[in-house]
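Please read through the structure below; I'll follow up with questions.
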Amino acid sequence: MSRAPPLAWAALLALLGVFLVAPGRFAPLFQPFAPGDTPPIYAQTPLLTLALNHLLLVAAATLTAAAIALGLAVAATRPAGRDVLPFARSVARIGQTFPPVAVLALAVPIFGFGAVPTLIALVLYGLLPIFETALTGLDGLDPALMEAARGMGMTDRQRFLRVELPLALPMILSGIRLAAVIGLATATIGSTVAASTLGEVIISGLLTGNTAYVLQGGLVVSALALLIDAGFRHVERGAARRAGFRS
């Protein structure tokens, strides 16, 4: 899907933008899926507002998870940090041990309803894919390259910033991409605890039996996931070319 022509992605982005800004124009398409005289377009909260809130929540969670996971991966791949690996891997796996729904149930009594419990769940859920890909990228570098960098007189910091990080970046970005796409889908459950996400549209449709609402929420989330996945893959290919690899 990410190999589709740029024009196709531009068309999808334009279509999504028009729908979010002026969803009423698409009412005839969704009317057959709306029961009775129910409005075919969700209007309780503007779809554009929900989409922006959804994206901001996922972006904040992905950036936070990336910072934590990369820190753990870097620490675990340093010569003095090999003993850190089991602990780092255990921390990264916390999110996979507890389903997002369970995290929400535990977080709501402490933080209350809203975006915070959802943010916590998304951060925990995004740790493992970023950590494992970063660990693979940093740990799988050619030792000869590292030795050559040392022979050039580079410090540990210089080797990391100029050699290790650029070479491992494509792999790291693939983990961040995976976490972002998973987060986009998972964030919909945040609306069960009053977080402002596109899940509000889907849940409203399920509660009222309005398939049109379910379709709107699901299609917008799917379009966003496809666009973000394609954008990350484009950046990954660029990073791979700069690192001297073919994507």
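Could you tell me the relative contact order of the chain? Use alpha-carbon pairs under 8 Å, at least six residues apart, and round to a whole percent.
In percent, rounded to a whole number, it is 25.
Considering amide H positions built from the backbone, and no H for Pro or chain starts, which residues 5 or more places from residue 210, or on another chain, come under 5 Å of its amide H?
Counting only residues 5 or more places away or on other chains, the set is empty.
Same structure, new question: From the phi angles alone, apply the Karplus equation (6.51, -1.76, 1.60; θ = phi - 60°) to the stretch 208-224 and give each ³J(HN,Hα) in whole Hz, x where the residue is Gly or Pro.
So the Karplus estimates, Gly and Pro as x, are 9, x, 9, 5, 4, 5, 4, 5, 4, x, x, 5, 5, 4, 5, 5, 4 Hz.
Which whole-number value in Å² is the accessible area per residue of the chain, probe 1.4 Å?
52 Å²
Roughly how many Å is it from the Cα centre of the stretch 185-247 to that of the stretch 106-130, as a whole number?
Using only Cα atoms, the two centres lie 17 Å from each other.
What does the chain give for Rg and for Dmax, in Å, if only its C-alpha atoms count?
According to the Cα coordinates of the chain, Rg and Dmax are 21.2, 76 Å.
Lys/Arg Cβ at +1, Asp/Glu Cβ at -1, dipole of the chain taken about the Cα centre: which of 141, 14, 122 is farthest positive-ward?
141
Among 95-103, 180-188, what's the highest-first ranking by average C-beta atoms within 10 angstrom per residue?
180-188, 95-103
For the chain, modelled as a GNM with alpha-carbon contacts under 10 angstrom, which of 67, 27, 11 fluctuates the most?
Maximum fluctuation in the GNM of the chain, among the listed residues, is at 11.
For the chain, which whole-number percentage of the solvent-accessible area (1.4 Å probe, protein heavy atoms only) is attributable to carbon and sulfur atoms?
Ligands and nucleic acids excluded, carbon and sulfur reach 69 percent.
The values are calculated or read from the model by the stated rules, or taken from the named source; none is laboratory data. None of these values were measured; they are calculated from a predicted model. With ideal geometry, Cβ positions are generated from the backbone for all residues, glycine too; neighbour counts draw on all protein chains shown. Just so you know, the surface numbers come from the protein's heavy atoms only, side chains and all, with ligands and any DNA or RNA stripped out. Shrake-Rupley method; radii C 1.70, N 1.55, O 1.52, S 1.80 Å.
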